[in-house]
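Before any comments, here is the structure.
We did not get these values from a lab; they are worked out from the coordinates using the rules stated. Keep in mind the model is a prediction, meaning the values are calculated, not measured.
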Amino acid sequence: MNYSDGVINKNAVSDQIVAYIEERIIKGELKSGDKLPSERVFAETLGVSRIPLREALRSLSQLGLVETKHGQGTFIRDANNSFLTGKLATYMYSSDTSVFEILQFRQILESECAKLAATLATEEELEEIKYYRIKAEDAEASIRNGDYDEFSSMDIKFHTAIVKASHNQLFLNLFNAIHKTLRIQQIWSLSESHEIYDYIDFHRQITEAIENRDPEQAYNCSRDHIISVGNLMMKSYKKDQE
């Protein structure tokens with residue numbers, strides 16, 4: 001990191017230090033448990049003073065990326081997954097990415113995850129998928145009483161269990177970012193729809209396909225489900241924009 005081209009204010013320096021460390025975490029050059037150099041050595045290595053370095057480390061600590069242990073030093077935390085999820089969700093919120101584009105991406109992602117889960121899911125993971133499918137069905141009564149949060153929560157946990165069973169951490173990060181972005185839209189669409197039984201039926205079909213170790217059927221059922229959900233969300237979104 002070279003600042004010899006001109007004077008950079010203190011805040012800009014600390015921001016660039018944060019970005020530098022974030023980039024190294026994303027690239028895997030810094031991993032959970034790695035110890036950062038001492039403040040003096042680190043400042044000299046980066047070519048900055050200690051003040052912006054301290055500010056950067058405070059910011060990184062607030063992000064959950066580093067932790068300082070008294071008498072031991074500063075270490076990288078096991079937080080890169082939640083960090084990446086947050087960054088992706090922020091990007092989706094702040095960029096020109098449309099709800100339709102996010103739903104398209106969700107369809108591709110979750111269909112592939114269901115296909116992988118049908119091949120890779122352990123017995124324990126299958127039990128988790130079935131458990132949350134049943135919990136989502138049990139939450140149907142709460143919807144009749146106007147409470148959509150419980151079903152939405154169980155629905156997300158059902159889909160999360162499937163994505164976890166794909167055994168791909170990047171897929172899980174992307175999935176979490178998508179659902180952070182779409183959660184409110186999902187609740188709105190549920191509140192305006194009487195098609196909750198479609199959710200439940202699709203959940204059963206997806207679970208059965210994964211349990212039967214049928215990748216193509218799992219893919220097709222998941223794709224059809226996400227298309228159906230996407231149509232409901234788009235209908236709700238367009239109504240909200242009127």
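Which entries in Lys31/Lys69; Lys27/Lys157; Lys135/Lys157; Lys130/Lys164 show an alpha-carbon gap greater than 20 Å?
Cα-Cα > 20 Å for Lys27/Lys157; rest within.
Under the rule of at least 5 residues apart or a separate chain, name every residue whose amide H is placed under 5 Å from the amide H of Asp34.
Hits under the 5 Å cutoff: Ile76.
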